[in-house]
1. Please list, ordered by residue number, the strands (runs of 3 or more DSSP E) wholly in segment 22-114 having 2 or more residues that are free of Cβ contacts under 8 Å to residues at least 40 places away in the same chain.
2. Being out of contact with any Phe, Trp or Tyr (no Cβ under 8 Å at 6 or more places or on another chain), open to solvent by less than 30 Å² (accessible area, probe 1.4 Å) and more than 16 Å from residue 159 (Cβ to Cβ), is that true of even one residue in segment 77-100?
3. Picking from 124, 64, which residue would you name as being within 16 Å of ligand 2 (Cβ to nearest atom) and under 19 Å from the mean Cα position of the chain (by Cα)?
4. For the condition assigned to a strand (DSSP E or B), more than 16 Å from ligand 2 (Cβ to nearest atom) and crowded, with 24+ Cβ neighbours inside 10 Å, what is the one hit in 243, 270, 319?
5. For residue 129, work out the one condition from (1) closer than 18 Å to residue 61 by Cα; (2) within 11 Å of ligand 1 (Cβ to nearest atom) it doesn't fulfil.
6. Could you please find all residues in segment 157-177 being part of a loop (DSSP other than H, G, I, E, B) and either more than 16 Å from ligand 1 (Cβ to nearest atom) or open to solvent by less than 30 Å² (accessible area, probe 1.4 Å) (or both)?
7. Can you pull out every residue in segment 122-148 that is more than 25 Å from residue 38 (Cβ to Cβ) and of a type in the set (S, T, N, Q)?
8. Please indicate, with yes or no, whether at least one residue in segment 248-267 is buried (at least 16 other Cβ atoms within 10 Å of the Cβ) and basic (Lys, Arg).
Amino acid sequence: MNFPVVRKRRLRKTPLLRDMVAETQLTAADLVYPLFINDEPHSRIPVASMPGIYQQSIDNAVIEVGQALELGVRSVLLFGVPSEKDQEGSNAWFEQGVTQRAIRELKRQFGQDLVVIADTCMCEYTSHGHCGVLMDGRVLNDPTLELLSRTAISQALAGADIIAPSDMMDGRIAYIRDSLDDAGYDDIPLMSYSAKYASSLYSPFRDAAESTPACGDRKSYQMDPRNAREALEEVLQDVQEGADIIMVKPALSYLDIISQVRQLTRLPLAAYNVSGEYSMVKAAAANGWINERDVVLELLTGIKRAGAEIIITYHAMDAARWLLKQ
Ligand code: PBG
Ligand code: ZN
């Protein structure tokens with residue numbers, strides 16, 4: 001059947017009709033809010049390239065998380081920014097490390113009302129800023145696995161609800177899973193940054209986390225943006241190694257990957273709406289070139305429609321506020 005019998009506009013006539021047939025519902029519970037936590041007591045330093053985002057102390061992070069919970073945002077992703085870095089990144093697994101203390105304090109304050117996801121990587125803790133062990137200009141794969149495992153165990157011990165390895169070393173999901181199980185944490189899920197691309201959209205994050213590599217780039221471990229089939233191989237590998245949640249990152253330039261991964265596996269799928277994607281929207285909005293509210297809700301809905309049921313985004317608090325008022 002066709003026009004004039006079929007008229008798709010009939011169901012677009014009023015807001016209630018449109019709501020009735022809407023295929024995608026964005027809610028605050030889908031959103032994960034990333035936090036940058038430093039070692040300076042009582043600090044709240046604006047990240048210049050990310051308006052509205054702060055690198056802050058644990059006490060201030062607790063206040064912000066309280067506000068997030070009130071808006072219905074129930075999960076956070078933690079990035080520790082230690083004051084001391086070394087060649088190996090040893091602050092990553094210290095029991096008194098900034099990330100471990102932040103996890104303990106957030107769980108003490110909020111308990112089961114909050115999901116604390118710990119980003120597990122070496123780049124915020126190493127003096128060279130690479131995500132693994134650096135030797136003669138190369139990032140070594142297998143020696144990095146041991147350091148990641150130590151870090152994951154220390155985060156689980158501190159009380160993290162989910163461990164999220166973001167380093168892109170081969171074999172790390174199996175290795176970390178095994179180490180966590182041996183240490184008695186067989187009930188802690190792994191959210192794997194499975195298809196993480198070597199993107200130019202991470203630069204504002206690297207300001208916030210102070211994790212810009214001192215030499216070279218991350219192209220020998222993160223994925224080439226030209227590849228899609230390879231992302232599916234990465235995902236299958238992580239599923240086999242025991243990942244509980246799969247992630248695609250970035251989100252907006254990789255909606256095709258999100259959609260294909262959604263077809264490939266039945267595991268929960270997360271997408272990371274990264275710092276550069278956030279900053280571009282904020283810059284255009286600050287210039288009055290776009291309507292920030294409408295654009296943010298459209299972009300986040302697009303990520304969900306593509307197939308990601310978990311969305312990690314710096315817009316989380318604003319989006320939740322706008323969703324309440326809709
Ligand atoms: C560190 C890490 C990065 C991001 C999340 N974890 C940066 C990188 O790989 O250089 C990027 C997040 C963002 O840009 O918002 N492994
Ligand atoms: Zn890293």
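The values are calculated or read from the model by the stated rules, or taken from the named source; none is laboratory data. From a predicted model like this one, the values you see are computed outputs, not experimental measurements. As a convention, Cβ positions derive from the backbone with ideal geometry for all residues, glycine included, and neighbour counts pool all protein chains shown. Heavy atoms of the whole protein, side chains included, go into the accessibility calculation; ligands, DNA and RNA do not. Shrake-Rupley method; radii C 1.70, N 1.55, O 1.52, S 1.80 Å.
1. Working: elements: 31-38, 44-46, 54-56, 75-81.
Strands (runs of 3 or more DSSP E) meeting the threshold: 44-46, 54-56.
2. Scanning segment 77-100, I find no residue that is out of contact with any Phe, Trp or Tyr (no Cβ under 8 Å at 6 or more places or on another chain), open to solvent by less than 30 Å² (accessible area, probe 1.4 Å) and more than 16 Å from residue 159 (Cβ to Cβ), so the answer is no.
3. Working: 64 fails: within 16 Å of ligand 2 (Cβ to nearest atom).
Testing whether each residue is within 16 Å of ligand 2 (Cβ to nearest atom) and under 19 Å from the mean Cα position of the chain (by Cα) leaves just 124.
4. Criteria check complete, one pass: 270.
5. Of the numbered conditions (1) closer than 18 Å to residue 61 by Cα; (2) within 11 Å of ligand 1 (Cβ to nearest atom), the odd one out for residue 129 is (1).
6. Restricting attention to segment 157-177, the residues satisfying the condition of being part of a loop (DSSP other than H, G, I, E, B) are 159-161, 166-171.
The answer is 159, 160, 161, 166, 167, 168, 169, 171.
7. Once the filter is applied, which keeps residues that are more than 25 Å from residue 38 (Cβ to Cβ) and of a type in the set (S, T, N, Q), segment 122-148 yields only 141.
8. Scanning segment 248-267, I find at least one residue that is buried (at least 16 other Cβ atoms within 10 Å of the Cβ) and basic (Lys, Arg), so the answer is yes.
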